[in-house]
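Engineer: Below you'll find the structure I mean.
The values are calculated or read from the model by the stated rules, or taken from the named source; none is laboratory data. The structure presented is a predicted model; accordingly, all values stated were derived computationally and were not measured. When we count neighbours, we look across all protein chains shown, and the Cβ atoms used for this are built from the backbone with ideal geometry, even at glycine.
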Amino acid sequence: MMKSPQELYEAWLGDPGIDEATKEELRSIAGKDAEIEDRFYRDLEFGTGGLRGVMGAGTNRMNRYVIGKATQGFAEYLLKQGPSPSVVIAHDSRHNSDVFSLEAACVLAANGIKTYLFRSLRPTPQLSFSVRHLGAAGGIVITASHNPPEYNGYKVYAADGCQLVPHQAEQVIESIRGVASFDAVKRLSQAEAEAKGLLVWLGDEDDQAFVDAVKAQVVQPEMLRRGAGDALSVVYTPLHGAGNLPVRQVLEQAGFGNVHVVWEQEQPNGAFPTVKSPNPEEHDAFKLAIELADQVGADIIIGTDPDCDRMGSVVKNDAGEYVVLTGNQAGAIMVHYLLSNLKEQGKLPKNGTVIKTIVTSQMGADIAQSFGCKVIDTLTGFKYIGEQMTKFEGSDENVFLFGYEESYGYLTGTYARDKDAVVASLLISEAAAYYKSLGKTLYDVLLELYRQYGTYLEKLESRTLKGKDGLEKIGAIMNDWRSNPPAEVAGVKVERVLDYAGGLDGLPPENVLKFLLADGSWFCLRPSGTEPKIKLYFAVRGDDLDAANASLGRLVSSVMERVDALA
């Protein structure tokens, strides 16, 4: 029989295996029924992307006990896959990330699994690269990406350097469920793990291998050697995260000598004290960077999130004001820059392929297809892009050129299987340098692409609905739109409803609804897999900016009125 939240709470207080600091935290909420229920009403779910949640004591929280149990399950899964597996672990700048990463390493070591560990924070894409580079059987990265400071997370990677896809995650989840209690978690001390050679610390040569792999993605090295990189003024903010050193190293070694770092956001800090949210998708995150850019006359601003897998960019518009590019806009610019230059150099393969997600703008796809490239759509989540890349290996049918999603995740090159803000920072800076040498800004280029392919505009809305009640509301919203699809929205006929819940177009099942309208616009509803919120994606295509903006406004207003009535 399942224990109630109160019974689980009391069990933790009475468990001799739970440390005194954790018990003291629990004693501080004695009598607070709602708080106890939120912490214990469920086990923090290990989903297809691993664990993510608020840090603290309880089964529905991120803590060393939950981490230990998940790692014990992962270890048992790996040992079934083959002999002598090894794992690479990385972490970001969040509170407890170093503690959680060492905890995972000590559990793996107790199971006889050799673990490679970085001595300090590293980008998530470097973890993906290192799994491949070191021939490991898997990887773990401790990060909550761009979530608020109270969160942390635990992402698991397979031997190809890609986050676990559903069929793999299901096996790991089943293995974790088989770990009956915290007492079943094996653990060595750090000293014991090191003495047995089961805990190996990575060094400078491992960092340089990653930097070299990223630098190899430069499209026009001769242009940068001739000084175009030095002529570009760049402002960079790591937003207190893991990008500071690798992004600067790559830019410097590639030929960008005029990079200004936002000093207030340079050092790692899990509290992220200078921003409301350490997310380059949020315009407020660039406030200090824009102030510095005004001082130094920067051509471009780039910012990376705490684990440096998302990159946002800011450029000057035709009025000379700094504007934040959307993930779709930056992606379209990079697709065009990459493919046009590969074509000019005679290096564009006939079977070149661009991969994007179902909630990403069609603009990049139209650009890619105009260069004769194939475009593949995947579900949301870069693991699905990485999965396609792995399928390409050993076959001449597709050659991966670029993968991206609207949420500021990009990759070119096959050295990793996750989005990489380091290579994105390099590629968009290179594009800015190239177009500057032609007397253009990236905003000029965007307007040219609009004139050539149509004015694509997109918007993301979300509603945060926390706790058990919030989860039920999110479910109710999805059920309402699924059960009662509209015949028209904002006066435009709904031509088709795509329900991915049962699997669609060869994609695995996912709780996503996409509505295609008669005028070419679309919108999509998707519960977040990493935060307590429902996300709504909107996209239109117009003849010009005014028409597109008006169409987008009508679409967003109509849909959100119905959503908010249920939220």
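Engineer: Hey, can you tell me all the residues within the range 290-306 that are assigned to a loop (DSSP other than H, G, I, E, B) and either surrounded by 24 or more Cβ atoms within 10 Å (Cβ to Cβ) or in contact with a helix residue (DSSP H, G or I) (Cβ under 9 Å, 6 or more places away or on another chain) (or both)?
Structural biologist: Those that are assigned to a loop (DSSP other than H, G, I, E, B) and either surrounded by 24 or more Cβ atoms within 10 Å (Cβ to Cβ) or in contact with a helix residue (DSSP H, G or I) (Cβ under 9 Å, 6 or more places away or on another chain) (or both): A298, D299, D305, P306.
Engineer: How many residues does the range 79-100 contain that are crowded, with 24+ Cβ neighbours inside 10 Å and either among the polar types (S, T, N, Q) or under 17 Å from F46 (Cα atoms) (or both)?
Structural biologist: Qualifying residue count, the range 79-100: 3.
Engineer: List, please: which pairs have Cβ atoms under 6 Å, are six or more places apart or on different chains, and start with a residue in the range 153-173 that is assigned to a helix (DSSP H, G or I) and end with one that is among the polar types (S, T, N, Q)?
Structural biologist: What qualifies is P166/T48; A169/T48.
Engineer: Right, another one. Does E10 qualify as being surrounded by 12 or more Cβ atoms within 10 Å (Cβ to Cβ), under 35 Å from the mean Cα position of the chain (by Cα) and not in a loop (DSSP other than H, G, I, E, B)?
Structural biologist: no
Engineer: With the condition kept exactly as written, say whether any residue in the range 84-97 is among the polar types (S, T, N, Q), touching a residue at least 12 places away in the same chain (Cβ under 8 Å), part of a helix (DSSP H, G or I) and closer than 23 Å to G135 by Cβ.
Structural biologist: No.
Engineer: For the range 432-444, give me the residue count where each residue is in a helix (DSSP H, G or I), among the hydrophobic types (A, V, I, L, M, F, W, C) and farther than 24 Å from V359 by Cβ.
Structural biologist: Of the residues in that region, 2 qualify.
Engineer: State the number of residues belonging to the range 157-184 that are surrounded by fewer than 24 Cβ atoms within 10 Å (Cβ to Cβ), of a type in the set (A, V, I, L, M, F, W, C), within 17 Å of A75 (Cα to Cα) and modelled with pLDDT of 90 or more.
Structural biologist: Residues flagged as surrounded by fewer than 24 Cβ atoms within 10 Å (Cβ to Cβ), of a type in the set (A, V, I, L, M, F, W, C), within 17 Å of A75 (Cα to Cα) and modelled with pLDDT of 90 or more within the range 157-184 amount to 7.
Engineer: Can you tell me which residue in the range 356-401 is surrounded by the most Cβ atoms within 10 Å (Cβ to Cβ), limited to those that are at positive phi and touching a residue at least 24 places away in the same chain (Cβ under 8 Å)?
Structural biologist: Here the answer is G381.
Results for (1) surrounded by fewer than 23 Cβ atoms within 10 Å (Cβ to Cβ); (2) part of a strand (DSSP E or B), shown as yes or no for each residue.
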site: L288; (1), (2): yes, no
site: C308; (1), (2): no, no
site: S313; (1), (2): no, yes
site: S340; (1), (2): yes, no
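Engineer: Next question. Mind checking which residues of the range 452-474 are free of Cβ contacts under 8 Å to residues at least 24 places away in the same chain and either farther than 28 Å from N328 by Cα or among the aromatic types (F, W, Y) (or both)?
Structural biologist: D469, E472
Engineer: Another question, if that's okay. Enumerate the strands (runs of 3 or more DSSP E) found wholly within the range 453-567, keeping only those where 3 or more residues are more than 30 Å from R39 (Cβ to Cβ) and of a type in the set (A, V, I, L, M).
Structural biologist: 492-499, 513-517
Engineer: Of all residues in the range 449-467 being surrounded by fewer than 15 Cβ atoms within 10 Å (Cβ to Cβ) and among the charged types (D, E, K, R), which is modelled with the highest pLDDT?
Structural biologist: Ranking the candidates gives R451 first.
Engineer: Restricting to the range 402-431, and then to whatever is more than 16 Å from G161 (Cα to Cα) and among the hydroxyl-bearing types (S, T, Y), can you tell me which residue is surrounded by the most Cβ atoms within 10 Å (Cβ to Cβ)?
Structural biologist: Among them, the one singled out is S425.
Engineer: A follow-up question, please. Of the residues in the range 315-338, how many are aliphatic (A, V, I, L, M), modelled with pLDDT of 95 or more and part of a loop (DSSP other than H, G, I, E, B)?
Structural biologist: Counting residues in the range 315-338 that are aliphatic (A, V, I, L, M), modelled with pLDDT of 95 or more and part of a loop (DSSP other than H, G, I, E, B) gives 1.
Engineer: Residue under question is E321, and the condition is that it be outside the structural domain of S93 (by TED's automatic domain parsing), among the acidic types (D, E), free of Cβ contacts under 8 Å to residues at least 12 places away in the same chain and more than 30 Å from H95 (Cβ to Cβ); does it hold?
Structural biologist: It is true that E321 is outside the structural domain of S93 (by TED's automatic domain parsing), among the acidic types (D, E), free of Cβ contacts under 8 Å to residues at least 12 places away in the same chain and more than 30 Å from H95 (Cβ to Cβ).
Engineer: Ok, one more. Here are I534, I477: which of them is touching a helix residue (DSSP H, G or I) at 6+ places or on another chain (Cβ under 6 Å), crowded, with 21+ Cβ neighbours inside 10 Å and closer than 25 Å to E170 by Cα?
Structural biologist: Just a single option satisfies the conditions, and that option is I534.
Engineer: Mind telling me which of the residues D499, D543 ends up being modelled with pLDDT of 95 or more and over 28 Å from P148 (Cα atoms)?
Structural biologist: None of the others qualify; the one that does is D499.
One line per residue, one yes/no per condition, for (1) at pLDDT 95 or above; (2) out of contact with any Lys or Arg (no Cβ under 6 Å at 6 or more places or on another chain); (3) within 30 Å of T115 (Cα to Cα):
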position: L198; (1), (2), (3): yes, no, yes
position: D207; (1), (2), (3): yes, yes, yes
position: P221; (1), (2), (3): yes, yes, no
position: L224; (1), (2), (3): yes, yes, no
position: Y236; (1), (2), (3): yes, yes, no
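Engineer: Turning to a different aspect of this structure: Go through the range 126-142 residue by residue and tally those that are closer than 15 Å to V422 by Cβ and not in a helix (DSSP H, G or I).
Structural biologist: So the answer is 1.
Engineer: So, of the residues in the range 20-41 that are surrounded by 14 or more Cβ atoms within 10 Å (Cβ to Cβ) and among the charged types (D, E, K, R), which turns out to be nearest to P5 (Cα to Cα)?
Structural biologist: Filtering the range 20-41 for residues that are surrounded by 14 or more Cβ atoms within 10 Å (Cβ to Cβ) and among the charged types (D, E, K, R), the one nearest to P5 (Cα to Cα) comes out as E37.
Engineer: Can you name the condition, by its number, that E472 falls short on among (1) over 19 Å from I358 (Cβ atoms); (2) at pLDDT below 95; (3) surrounded by 14 or more Cβ atoms within 10 Å (Cβ to Cβ)?
Structural biologist: That leaves (3) as the condition not met.
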